[in-house]
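Below is one structure; the comments refer to it alone.
The values are calculated or read from the model by the stated rules, or taken from the named source; none is laboratory data. As the structure is a computational prediction, the values presented were derived from the model and not from experiment. Cβ sites come from the backbone with ideal geometry, for glycine too, and all protein chains shown count toward neighbours. The accessibility values were calculated without ligands, DNA or RNA, using every heavy atom of the protein model including side chains. Shrake-Rupley method; radii C 1.70, N 1.55, O 1.52, S 1.80 Å.
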Amino acid sequence: HKILNNAYIYDLLIKICNELLLLLRNNDYKVILTSDHGNVYCEGNGISHNKMLESERKSIRCLMFDSENLADNLVNEHPEDCFKFKYNLLSNDIYLVFAINGCFGNKTAITHGSFTPEECIVPVVILE
């Protein structure tokens, strides 16, 4: 409603959507509605590391390592703030370290993705 900034247009769109959904339901269609969470605000957890793979220097929600020892050291130093996941990419093991709450570094950020409830739980509504 705030995005449209016009109550008449908003109400008209709601009415059109309702009529469309009723039409589909009355003609025996199954309608599945789902949503993406969009962007998520996160605060920096103060953790930084300079030994991750070069391709992931800009990531703030996940660090990528080619050394399991480096990934383990980071997780062992900060067990409340991150966890490790082993991933095989083109026959090479890489180790992903995910921030549990927030992001790596000291800044706040708006991100899309990672392991947050908003990213992992996808709302679904089925209209029959």
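In this calculation the C-beta distance from Glu128 to Ser48 is compared with R0 = 35 Å, giving a FRET efficiency of 0.10.
A Förster radius of 30 Å, combined with the Cβ-Cβ distance separating Ile110 from Ile32, puts the computed FRET efficiency at roughly 0.60. Which value in nm describes the separation of the simple spin-label points at Asn39 and Ser91, placed 7 Å from the Cα toward the beta carbon? Computed distance between label sites Asn39 and Ser91 equals 4.2 nm. The residues of segment 60-104 have, on average, 57 Å² of accessible surface per residue, using a 1.4 Å probe with all protein chains present. For the peptides 27-33, 17-23, 74-80, 39-45, residues were scored by their other Cβ atoms within 10 Å and the scores averaged per peptide; the highest-first order is 39-45, 74-80, 17-23, 27-33.
Here r is the Cβ-Cβ distance between Arg25 and Ile121 and R0 is 22 Å; the resulting FRET efficiency, rounded to 0.05, is 0.30.
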